[in-house]
Structures are given as C-alpha cells and as structure tokens.
Amino acid sequence: GACLLLSQNLPKYLVPNYGSKGYQIDKERFVRDTALAVRACDNVFEKTVYPLERQKKESLDKRRMVVGVTGVANAFEICGNRYASAGYLQMQDEFLTLQRDAAYRTSIDMARVKGSFPLFDADKWLSGPYAQTLPDDIRWGIKKYGLRNGLLLSIAPTGTISWAADNVSS
C-alpha cells in the first residue's frame with residue numbers, strides 16, 4: 001500500500017484574539033481546510049502512477065490516507081495554555097474532535113457522490129469500538145452512504161514535516 005499523509009500546521013491558524021490579549025485558533029478555517037485536505041488526498045489515488053498492479057489494487061480497494069496535525073504545542077502555548085495543562089488538554093480534545101468530525105463528514109459526502117471504498121462493509125465498520133465514539137449524525141451517514149476512505153486520521157511522526165513547516169513542534 002501507499003503512505004499518504006497530510007499534517008495541518010496549527011500555528012498557521014493563529015489569529016489575534018480581539019477583545020482580549022493573545023491569540024486564538026481560527027476554528028472555521030481549520031474545519032474548512034480539513035475538508036479540503038481530505039478531498040485533496042482522495043484525488044491523489046486516481047492521479048498516482050503505481051509501479052505494480054497489485055499496489056494500485058491495494059491502494060484503490062482501501063483508499064487509506066491520513067490527515068493529522070503538527071505544531072500543536074506551539075499553537076496551544078501561544079494561545080496561553082502551558083504544555084499538558086488542563087487547558088492544553090481540553091484544547092487538544094476540541095481540535096482533534098473538530099478535525100475528526102470534518103474528515104468523516106467529508107468522506108461520507110464523497111462516498112455519497114463517488115461511492116465507498118470497495119472493501120467497505122458498513123455493519124462490520126459500525127460494530128467496531130471506534131465507531132461508537134462518533135456522533136450520531138456521522139454514524140447515520142456512514143450507515144446510509146458509507147465512507148470513501150478506509151483510513152482518515154492519524155497523528156504521524158512529523159519530525160521532518162515540522163522542520164519544513166517553520167520548525168514548529170512535532
């Protein structure tokens with residue numbers, strides 16, 4: 001299979017926090033860009049030149065790709081949250097949930113239009129423990145339309161990526 005990774009650089013979403021000092025993260029732009037990232041990564045499957053037919057079949061059967069984040073510590077600290085503090089962890093949960101929900105809603109929408117990945121089995125997928133953590137509307141969408149991608153999220157090691165992204169925290 002292929003390794004298709006994309007990391008959103010959280011410090012790039014910082015905006016002045018008008019009305020108080022400091023910065024905040026632009027949630028709307030982050031969610032919108034998550035959806036764009038999922039769509040962009042999904043388009044890569046059809047544009048890729050695969051060396052072997054088996055690689056192409058594996059890639060297209062599962063359509064695995066991952067969207068994640070980098071620069072988390074930098075962004076959250078700039079927003080006034082000390083690393084691993086309660087506020088930091090709460091912010092981390094909020095942004096990872098925003099990213100998760102945007103990614104799944106986008107994959108559902110793409111499945112509605114283009115079809116699910118070929119190996120998708122809604123009953124099997126929805127019976128897994130991870131599926132139980134998703135909001136009801138997302139589980140309903142998966143049941144009705146499926147998922148375009150067999151894997152959507154991961155926080156990959158971003159050591160090299162973080163250096164190229166203005167040397168943010170990895």
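The values are calculated or read from the model by the stated rules, or taken from the named source; none is laboratory data. These figures come from a predicted structure and were not determined experimentally. For neighbour counting, all protein chains shown are included, and Cβ atoms are generated from backbone atoms with ideal geometry for every residue, glycine included. Side chains included, ligands, DNA and RNA excluded: accessible areas come from the protein's heavy atoms. Shrake-Rupley method; radii C 1.70, N 1.55, O 1.52, S 1.80 Å.
Here are Phe45, Phe30: which of them is closer than 20 Å to Val168 by Cα and of a type outside the set (S, T, N, Q)?
Selected residue: Phe30, the only one of Phe45, Phe30 that is closer than 20 Å to Val168 by Cα and of a type outside the set (S, T, N, Q).
Restricting attention to segment 8-44, report how many residues are part of a helix (DSSP H, G or I), open to solvent by 60 Å² or more (accessible area, probe 1.4 Å) and either in contact with a Cys (Cβ under 9 Å, 6 or more places away or on another chain) or not hydrophobic (A, V, I, L, M, F, W, C) (or both).
Adding up the residues that qualify gives 7.
Could you tell me which numbered condition Asn74 fails, if it satisfies all but one of (1) touching a strand residue (DSSP E or B) at 6+ places or on another chain (Cβ under 6 Å); (2) closer than 24 Å to Pro157 by Cβ?
Failing condition for Asn74: (1).
When you look at Pro11, is it of a type outside the set (Gly, Ala, Ser) and touching an Asp or Glu at 6+ places or on another chain (Cβ under 9 Å), yes or no? So that I can check it myself, show each step before the final result.
Details: of a type outside the set (Gly, Ala, Ser): yes; touching an Asp or Glu at 6+ places or on another chain (Cβ under 9 Å): yes.
For Pro11, the condition - of a type outside the set (Gly, Ala, Ser) and touching an Asp or Glu at 6+ places or on another chain (Cβ under 9 Å) - is met.
Show the residue pairs meeting these rules: Cβ distance below 7 Å; 6+ apart or different chains; first residue within segment 43-54 and within 18 Å of Ala111 (Cα to Cα); second residue of a type outside the set (Lys, Arg).
Matching pairs, first to second residue: Val44/Leu4; Phe45/Ser59; Phe45/Leu60.
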